[in-house]
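Structure first, commentary second.
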Amino acid sequence: MYDSIIIGSGAAGSTVARKLAEAGEKVLVLEKRPHIGGNCYDRLDAYGILIHEYGPHIFHTNEEDVFRFLSEFTDWHLFGHEVVANVHGELLPIPFNLNTLAKVYGQEQAKELEQILIAEYGAGSRVPIMELKKSAEPKIRAIADYVYENVFLHYTMKQWGQTPEEIDPEVTGRVPVLLSRDNRYFQDKYQGMPKDGYTAMFERMLAHPRITVKTSADCRDCMEFAETGVLLEGTEFTGNVIYTGALDELFGCVYGRLPYRSLDFRLEHFDKESFQGRSVVNYTVSEEFTRITEFKFLTGQQDTDGTTIVREYPFAYTGAKGEIPYYAILNDKNRGLYQKYADRLQSLKNVYLLGRLAEYKYYNIDAIVKKALQLAGTIRR
Ligand code: UDP
């Protein structure tokens, strides 16, 4: 009855579903949650404010094909996303850039330091903090120490429960020291929000006559991934299966749980125009939460007098009911455990793993859409 089954309806699953349906396949999407959109899911809160239920998601890309594809399903509220860090009450542009340098050291001294930095790394370059710390030049190392202490150390301890040295350098490398005066968090060509939100965008993507979406549908209730083949309602399913969920859960976590960091999102509404006057403030030296997001400044929503914010409190995912695995903890040991689970699918040539959870990776939205477009291109019949 179906040519392909897709498990999960986030950015990964929705993109593959659409492309396979457009190629003529009949597609079944099984979504465990009562709604589509994965962690990009957004909705109006009790005050009519568009919030991101699973944390702030800012779209950004340089990939023309990704932007073109998504633009088939949405208009955009495009803007240059900016973040500041609250460092002992002072607001500093993040990533740490030449404007931040001037704020911290004063114009005069910053001028000299800027020249030293640019001579070493080149104007406009992006230097990971862990690289900067290795510099042989004492003045550069002093800057690195400042940035490490005031931007990375405490935030990373909160977010990961580990120091920047202990986590994969790819993670802190996402927010490099930037040798320019560009205050934007990302330097990508396109950045912003789907105009009517992510949920609306993914709803349109999935609205195709050859796509059937079942929400509140846990694939484990109707499917089995045996060594000899995939079973759907007890009968072998020979079409393609794209799994975008947590891989350990597919096998009852028999080798133990894959480690993740989770977040507790605490929302608060205020009956006033604005709480912090900007979208995101990172708390890099104080507080137990990592950042505060004020949604109306992300979404561009204007038809509201009040405002809703969210504070993010990280914690170690245990798999307890209600907890959500957000960030894979990337290290050799965990990758090894992941591989053990992946090996169990090796004999199943029609099963594909796709997305943050299923691949145990730290993907941005555009990267996963790109990967989903590619996968759909290679597997469609
Ligand atoms: N980070 C930090 N201080 C900041 C911003 C980021 O220490 O002000 C580090 C931290 O380890 C974080 C990582 O850089 O987990 C990646 O940050 P990003 O903003 O990309 O995280 P995401 O938005 O994906 O949670």
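Let's see how each residue does on (1) of a type in the set (S, T, Y); (2) under 30 Å from K26 (Cα atoms); (3) within 16 Å of the ligand (Cβ to nearest atom):
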residue: K333; (1), (2), (3): no, no, no
residue: Q346; (1), (2), (3): no, yes, no
residue: G355; (1), (2), (3): no, yes, yes
residue: G377; (1), (2), (3): no, yes, no
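When S180 is tested against (1) in a helix (DSSP H, G or I); (2) surrounded by 15 or more Cβ atoms within 10 Å (Cβ to Cβ), exactly one condition is not met: (1). So, A102, is that one away from the ligand (no atom under 16 Å from the Cβ), in contact (Cβ under 8 Å) with a residue 24 or more places away in the chain and more than 18 Å from the chain's Cα centre (by Cα) or not? Spelling it out, it is not the case that A102 is away from the ligand (no atom under 16 Å from the Cβ), in contact (Cβ under 8 Å) with a residue 24 or more places away in the chain and more than 18 Å from the chain's Cα centre (by Cα).
If you filter segment 365-381 down to residues that are of a type outside the set (D, E, K, R), under 24 Å from Y326 (Cβ atoms) and in contact with a strand residue (DSSP E or B) (Cβ under 7 Å, 6 or more places away or on another chain), you find that the one that is surrounded by the most Cβ atoms within 10 Å (Cβ to Cβ) is I365.
One residue alone among G256, G197 is on the phi > 0 side of the Ramachandran plot, within 24 Å of the chain's Cα centre (by Cα) and either at pLDDT 95 or above or within 16 Å of the ligand (Cβ to nearest atom) (or both), and that residue is G197.
Would you confirm, using the coordinates I've provided, whether R291 is in contact with a Phe, Trp or Tyr (Cβ under 6 Å, 6 or more places away or on another chain), closer than 30 Å to S71 by Cα and within 16 Å of the ligand (Cβ to nearest atom)? Taking the combined requirement at face value, the residue does not satisfy it. Look at (1) of a type outside the set (F, W, Y); (2) over 21 Å from T172 (Cβ atoms); (3) modelled with pLDDT of 95 or more and you find that V280 fails only one, number (2). Across segment 75-93, not a single residue is classified as within 30 Å of V351 (Cβ to Cβ) and of a type in the set (D, E, K, R). Within segment 351-380, residues that are under 22 Å from E227 (Cα atoms) have Cβ atoms under 7 Å from residues that are within 16 Å of the ligand (Cβ to nearest atom) and hydrophobic (A, V, I, L, M, F, W, C) in these pairs: Y360/A328, counting only partners at least 6 apart in sequence or on another chain.
For segment 112-132, which residues satisfy the criterion of being outside any helix (DSSP H, G or I) and either loosely packed, with under 14 Cβ neighbours inside 10 Å or at positive phi (or both)? Spell out how you get there, then give the answer.
Pass one, segment 112-132, residues outside any helix (DSSP H, G or I): 122-128.
Those that are outside any helix (DSSP H, G or I) and either loosely packed, with under 14 Cβ neighbours inside 10 Å or at positive phi (or both): G122, A123, G124.
Farther than 12 Å from Y260 by Cβ and surrounded by 14 or more Cβ atoms within 10 Å (Cβ to Cβ) - does that describe any residue in segment 317-327? No, segment 317-327 contains no residue that is farther than 12 Å from Y260 by Cβ and surrounded by 14 or more Cβ atoms within 10 Å (Cβ to Cβ). Pairs meeting the criteria (first residue in segment 142-155 and free of Cβ contacts under 8 Å to residues at least 40 places away in the same chain, second residue among the β-branched types (V, I, T) and near the ligand (Cβ under 9 Å from one of its atoms), beta carbons under 7 Å, at least 6 apart or on different chains) are A144/I129; Y148/I129. Counting only strands (runs of 3 or more DSSP E) that fall entirely inside segment 1-96 and contain at least 3 residues that are within 15 Å of the ligand (Cβ to nearest atom) and closer than 30 Å to G306 by Cβ, the qualifying elements are 83-87, 90-94. The one condition from (1) more than 27 Å from G13 (Cβ to Cβ); (2) buried (at least 17 other Cβ atoms within 10 Å of the Cβ); (3) more than 10 Å from the ligand (Cβ to nearest atom) that E165 does not meet is (2).
Among the residues of segment 140-153, are any farther than 20 Å from R181 by Cα, surrounded by fewer than 18 Cβ atoms within 10 Å (Cβ to Cβ) and among the basic types (K, R)? Looking for residues that are farther than 20 Å from R181 by Cα, surrounded by fewer than 18 Cβ atoms within 10 Å (Cβ to Cβ) and among the basic types (K, R), one finds at least one in segment 140-153, hence yes. Of the strands (runs of 3 or more DSSP E) entirely within segment 267-365, those holding at least 3 residues that are within 23 Å of the chain's Cα centre (by Cα) occupy 280-283, 291-294, 307-316. Filtered by the rule that a residue be closer than 24 Å to I368 by Cβ and of a type in the set (D, E), segment 220-254 gives D248, E249. Report every pair of residues separated by at least 6 positions or lying on different chains whose Cβ atoms are under 8 Å apart, first residue within segment 4-28 and among the polar types (S, T, N, Q), second part of a strand (DSSP E or B). Going by the 8 Å Cβ cut-off, the qualifying pairs are S4/V27; S4/L28; S4/N240; S4/V241; S4/I242; S9/V29; S9/V213; S14/V29. Among the residues of segment 141-154, not one is within 7 Å of the ligand (Cβ to nearest atom) and touching a Lys or Arg at 6+ places or on another chain (Cβ under 8 Å). Of S180, S135, all but one fail to be away from the ligand (no atom under 16 Å from the Cβ) and touching a Gly at 6+ places or on another chain (Cβ under 7 Å); the exception is S180. Quick check on D188: is it within 15 Å of the ligand (Cβ to nearest atom), assigned to a loop (DSSP other than H, G, I, E, B) and within 29 Å of A17 (Cα to Cα)? For D188, the condition - within 15 Å of the ligand (Cβ to nearest atom), assigned to a loop (DSSP other than H, G, I, E, B) and within 29 Å of A17 (Cα to Cα) - is met.
The values are calculated or read from the model by the stated rules, or taken from the named source; none is laboratory data. The model shown is predicted, which means the values in this text are computed figures rather than measured ones. Please note: Cβ atoms are built from the backbone with ideal geometry, for glycine as well, and neighbour counts cover all protein chains shown.
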